[in-house]
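Engineer: Pasting a structure below so you can have a look.
Readers should treat all values here as calculations from the given coordinates under stated rules, not as data from a laboratory. Remember, predicted model here, so these are calculated numbers, not experimental data. Virtual Cβ from ideal backbone geometry, glycine too; neighbours counted across all protein chains shown.
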Amino acid sequence: MNVRWLYSTVKDEECAATLLREKGLLHQERLCPSCCSDLMQLGRGGKVWRCHKRSCREEVSIRTGTWFEGRRGRLKLQNAVGLMFFWSRGYSSMKVCSDELGINKSVTCRWNRCIREVAAEALAELPVQLGGPSQTVELDETLFCRSKYGRGREYTRRQWVFGGTCRETGQSFVAPVENQSSRTLMPIVKRHVRPGTTVITDEWRGYRFLAREGDTHMRVNYSHSFVNRATGAHTQSIESLWSHAKRGNKIRCGTHQTSLPLHLCEFMWRKRLASGDDPFEKLLQDIAKLYPPH
């Protein structure tokens with residue numbers, strides 16, 4: 001799927017509604033909520049469901065009982081599909097949405113957030129556990145910063161993020177944390193790292209609990225070298241993960257602390273796409289699964 005497909009397939013509201021019905025985001029059929037006697041029919045160019053009984057004539061918006069109901073219902077379905085497509089491709093910026101779809105800044109921000117919430121729920125449905133016997137997981141923490149007024153060197157908002165990546169499978173996790181203490185990190189490690197894993201970290205004392213948990217714990221002292229010459233241990237895989245995660249943060253000139261968790265969920269959602277997956281199709285599948293029409 002590409003932009004040419006988008007513009008040729010989603011030409012108007014009716015085409016957008018047809019696509020969303022085919023993908024399971026809108027009702028394929030509805031019983032009349034008033035008389036409950038028969039199936040309703042589409043009317044007004046496919047914008048409403050209408051009871052065909054003369055004694056009833058009840059009308060219901062095609063958005064009612066779907067993910068598009070409520071605040072999301074203010075955007076035309078054609079534009080909604082376009083924004084979702086651009087988001088899935090990673091370029092739903094305010095400028096792109098304004099130039100290509102005529103959507104203003106506040107609507108673009110709200111919809112980007114709504115779609116990130118879908119990504120977050122999709123990740124929560126499939127929690128990841130890394131490692132196991134004969135597998136190696138690198139753990140590390142990093143600092144995400146937002147410069148004052150979005151520019152310059154003075155940082156006023158900071159957020160620690162803890163994460164891990166498995167060398168053998170490439171699977172990863174990230175989690176915003178309040179601090180780097182053992183009390184904070186230990187529950188996250190237990191949730192995401194299987195027992196018997198070889199774990200590699202830096203020398204931070206917050207990781208000392210790993211040896212007590214029975215995992216093989218190897219450490220790298222960054223003040224001497226990025227590779228432990230005695231054991232060959234290194235954390236280059238997790239450092240690569242941080243580099244990719246911070247790329248979007250740098251483009252945005254930092255991310256507000258309250259928005260960072262959802263941006264991290266978006267990053268992980270994209271990272272977990274299987275080879276050959278179409279991100280737009282995957283997004284539609286996630287919405288249909290998490291918010292089926294009711």
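Engineer: For n ≥ 4 DSSP H runs only, could you compute -39500 (n - 2.57) per run for the chain, divide by its residues and tell me the 222 nm figure to the nearest 500?
Structural biologist: -11500 deg cm²/dmol
Engineer: At a Förster distance of 30 Å, what's the computed FRET efficiency of residue 41 paired with residue 113, Cβ-Cβ distance as r, to 0.05?
Structural biologist: 0.30
Engineer: A follow-up question, please. How much length would be gained if the chain were fully extended between residue 257 and residue 158, taking 0.36 nm per residue of separation minus their Cα-Cα distance, in nm to one decimal?
Structural biologist: 34.9 nm
Engineer: Here's a follow-up. Note down the nm distance, to one decimal, between modelled labels 7 Å out along Cα→Cβ at residue 5 and at residue 236.
Structural biologist: Here the modelled spin labels are 3.6 nm apart.
Engineer: Right, here's the next one. Kindly flag which residue pairs out of 190/246; 246/282; 105/190 have an alpha-carbon separation exceeding 29 Å in this structure.
Structural biologist: Going by Cα-Cα distance, 105/190 fall outside the 29 Å limit.
Engineer: Set Lys and Arg Cβ to +1 and Asp and Glu Cβ to -1, take the dipole of the chain about its Cα centre, and tell me which of 134, 195, 94 lies farthest positive.
Structural biologist: Selected residue: 94.
Engineer: Now for a separate question. Please work out how much length the chain gains when fully extended from residue 22 to residue 71, using 0.36 nm per residue of separation minus the C-alpha to C-alpha distance, in nm with one decimal.
Structural biologist: Computed gain between residue 22 and residue 71 is 15.3 nm.
Engineer: Once R0 is set to 25 Å, what does the formula 1/(1 + (r/R0)^6) return for the Cβ-Cβ distance between residue 289 and residue 134, expressed as a FRET efficiency to the nearest 0.05?
Structural biologist: Details: r = 34 Å, r/R0 = 1.35.
Once rounded, the FRET efficiency stands at 0.15.
Engineer: Right, another one. For the chain, state the average projected area of the convex hull of the C-alpha atoms over all orientations, rounded to one decimal in nm².
Structural biologist: Projected area, direction-averaged: 19.4 nm².
Engineer: What list do you get for 64, 108, 197, 258 if you sort them by fewest beta carbons within 10 Å?
Structural biologist: Taking fewest neighbouring Cβ atoms as first place, the list is 258, 64, 108, 197.
Engineer: Arrange 109, 166, 265 by Cβ neighbour counts within 10 Å, fewest through most, would you?
Structural biologist: The order, fewest Cβ neighbours first, is 109, 265, 166.
Engineer: When 99, 12 are ordered from fewest to most other Cβ atoms inside 10 Å of their Cβ, what list results?
Structural biologist: So the ranking, lowest neighbour count to highest, is 99, 12.
Engineer: What are the residues whose amide H is under 5 Å from the amide H of residue 177, where those residues sit 5 or more places off or on another chain and H is modelled from the backbone?
Structural biologist: Amide H to amide H, under 5 Å and 5 or more residues apart or across chains, residue 177 pairs with 160, 161, 162.
Engineer: Let me ask you something else. Using only Cα atoms, locate the centre of segment 117-144 and the centre of segment 98-114, then give the distance between them in Å, rounded to an integer.
Structural biologist: Cα centroid to Cα centroid, the span is 30 Å.
Engineer: Between residue 277 and residue 55, how high is the FRET efficiency from 1/(1 + (r/R0)^6) when r is the Cβ-Cβ distance and R₀ = 41 Å? Nearest 0.05.
Structural biologist: On the way: r = 49 Å, r/R0 = 1.20.
The formula returns an efficiency of 0.25 here.
Engineer: Ok, one more. At 7 Å along Cα-to-Cβ for each site, give me the label-to-label distance between residue 203 and residue 91 in nm.
Structural biologist: A separation of 4.6 nm, rounded to one decimal place.
Engineer: Here's another thing I want to ask about it. Relative to the present Cα-Cα distance, how much length would full extension add between residue 247 and residue 184 at 0.36 nm per residue of separation? Could you put the intermediate results ahead of the total?
Structural biologist: Values: separation 63, 0.36 × 63 = 22.68 nm, distance 2.61 nm.
Once the chain is fully extended between residue 247 and residue 184, it gains 20.1 nm.
Engineer: Report the antiparallel proportion of the DSSP beta bridges in the chain as a percent, rounded to a multiple of 5.
Structural biologist: Numbers: 25 of 34 bridges.
Given both bridge residues lie in the chain, the antiparallel proportion sits at roughly 75 percent.
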